Amino acid sequence: MPEISIRWSRAGDEPGLLRLLQDTYERWPRVDTAAAPLDHLLWKYDDIGVQTGRHTIALDGERIVGAIPLLIRTFLIDSRPLRAATASDVAVHPDYRGVNLYMDMQAVARPTFRNSLDFNFGYEAPHPAMVRGRQKMDRWHVMAHRLAVLAANTTRLPPRAAAPGVTIDVVERVDASIDAFCIEAMRPFRLVALRDHRYLNWRYADPRGGGGTMLLARCGEDVLGFAALRVSNGTAYLADLLVLPGRNDVAGALAGEALERARAAGFERARCWLPERHPFREAVAGAGLSRAKEQRGFTYEVLRAPKGSLDFIDDPEAAVHVTIADTDLI
């Protein structure tokens, strides 16, 4: 058996991590981007203030043969900021499987992040190894909120719903003036990953990540809503959607604009993820996004979060805002 060492990552590990990911996954990066793979990796785990990357890596000598990369993000839980880790690009080199390397890396990482993070949160990855890992760490739970996959054929969209007095524009970037809108738009949700100008520009304006189209809905100078359209693997995604409380008409208008832009760009298929019980469901259905057969799930583990602060996650009626943009699938 090889002599394996495990440690936290440090500057200069990125090329070795990239080699591991490309040896492990059939395709990496998995999203559409014209950027060089190393540039995409540096983008993905950049420190943008509300989010940063930190990884546990396993080495055989100097060669990285396993990794649990983490995206550490700020979430608002009942409007209170808490820090959560989401594992992404978990990898064990094919030559090193079957020796419990994933759990060995977890054993090194968990004592540190249990004392520095409030909770873990992530996409319910269906890979058998990930399922087995969650079962061994019995503090992991599946959220009661299932996410519906909504789909549209953009060649058969319904007539656009009007939102009187609202204009919708494409913006290349957003500045700090949008932060007040984001805070107000996130307020109704008991769980939502923090959106602000730093996050939105990182997620949708940086070509290293694949870019995207950001839409702002305004009435005069007042921002009423935000949406993001991304394209990956031949499908257009309404990746994110936020509006001021009570402005579901704006949600419908933004969804309609995004779907029309997808159609005009030649994408026949469009998709969106929203929780089964979400205030925007009716609005996006009116724009042409209907429920598909699939569902998606998210998992969580309470770490140092205040006792009882996350109990509502088990209530399927609680208002949460989770979208496909909260994964690395697009």
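Any read-out appearing in this document is the output of simple, stated calculations on the displayed coordinates, not a laboratory observation. Small disclaimer: the values here were computed from a predicted structure and weren't measured. For neighbour counting, all protein chains shown are included, and Cβ atoms are generated from backbone atoms with ideal geometry for every residue, glycine included.
Net charge within 12 Å of T155 by Cβ-Cβ distance, Lys/Arg positive one each and Asp/Glu negative one each, not counting T155 itself?
Once positives and negatives cancel, what remains is +1.
Where both partners of a DSSP beta bridge lie in segment 4-142, what percent of those bridges are antiparallel, to the nearest 5? Intermediate values should be presented prior to the final figure.
On the way: 25 of 27 bridges.
If we restrict to bridges inside segment 4-142, about 95 percent are antiparallel.
Could you tally the net charge around T167, taking each other residue with its Cβ under 13 Å from the Cβ of T167, Lys/Arg +1 and Asp/Glu -1?
Taking every Cβ under 13 Å from that of T167, the sum is -3.
Given a 10 angstrom Cα cut-off, can you work out which residue in R230, R281, R27 is the most mobile in a GNM of the chain?
For the chain, modelled as a Gaussian network with Cα springs under 10 Å, the answer is R27.
At most 15 other Cβ atoms within 10 Å and a DSSP loop assignment: could you name the GluC sites (Glu not before Pro) in segment 237-330 that fit?
The qualifying sites are E268, E276, E317.
Among P158, P279, P188, which one shows the highest mean-square fluctuation when the chain is modelled as a Gaussian network with alpha-carbon springs under 10 Å?
Result: P158 has the largest fluctuation of those listed.
Using a 10 Å cut-off around each Cβ, can you sort L157, L241 from fewest to most neighbouring Cβ atoms? Please report the intermediate quantities before stating the final value.
On the way: L157 17, L241 26.
Lowest count first: L157, L241.
Tell me, what ³J(HN,Hα) does each residue in segment 290-295 have, in order and in whole Hz, if you take phi through Karplus 6.51 cos²θ - 1.76 cosθ + 1.60 with θ = phi - 60° and put x for Gly and Pro?
Along segment 290-295, the couplings run 10, 5, 8, 6, 6, 10 Hz.
How large is the helix-only mean residue ellipticity at 222 nm for the chain, computed as the sum of -39500 (n - 2.57) over DSSP H runs with n ≥ 4, divided by its residue count, in deg cm²/dmol to the nearest 500?
Rounded to the nearest 500, the figure is -7500 deg cm²/dmol.
Any chance you could check the Cα centroid distance between segment 265-315 and segment 1-69 for me, in angstrom?
That distance is 28 Å.
Work out from phi, with θ = phi - 60° and the Karplus expression 6.51 cos²θ - 1.76 cosθ + 1.60, the ³J(HN,Hα) of each residue of segment 189-200, listed in order in whole Hz, and give x for Gly and Pro.
Each residue's phi maps through the Karplus curve to give 9, 6, 9, 7, 5, 4, 10, 8, 4, 5, 5, 4 Hz.
Sorting check: for 166-174, 65-73, which peptide has the highest mean count of neighbouring beta carbons within 10 Å, and how do the rest follow?
Listed from highest to lowest mean packing, they are 65-73, 166-174.
Sequence-distant or interchain residues sharing an amide H contact under 5 Å with I77, placed H: which?
Under 5 Å from the amide H of I77: L82.
Taking every DSSP beta bridge with both residues inside the chain, roughly what % is antiparallel (nearest 5)?
Here the antiparallel bridges make up roughly 90 percent for the chain.
If we count other beta carbons within 10 Å of each Cβ, what is the order of Y199, Y237, fewest first? Could the numbers behind the result be given before it?
Details: Y199 20, Y237 25.
Final ranking by Cβ density, sparse to dense: Y199, Y237.
For segment 277-283, just list the computed ³J(HN,Hα) in residue order, Karplus coefficients 6.51, -1.76 and 1.60, θ = phi - 60°, integers in Hz, with x standing in for Gly and Pro.
Per-residue couplings from phi come out as 10, 9, x, 8, 4, 5, 5 Hz.
Let's see if you can work this out: charge +1 on each Lys and Arg Cβ, -1 on each Asp and Glu Cβ, no other charges. What is the dipole magnitude of the chain about its Cα centre, in debye to the nearest 20?
Dipole size: approximately 560 debye.
Let me check I've understood the local charge: for I183, count other residues with C-beta under 12 angstrom from its C-beta, Lys and Arg +1, Asp and Glu -1. What total comes out? Numbers along the way, then the final one.
On the way: positive: R187, R195; negative: D179, E184, D196.
Net charge in that neighbourhood comes out at -1.
Going by how many other beta carbons lie within 10 Å of each one, how would you line up T52, T154, fewest first? Can you show the working numbers first?
Working: T52 14, T154 20.
Ascending Cβ contact count within 10 Å gives the list T52, T154.
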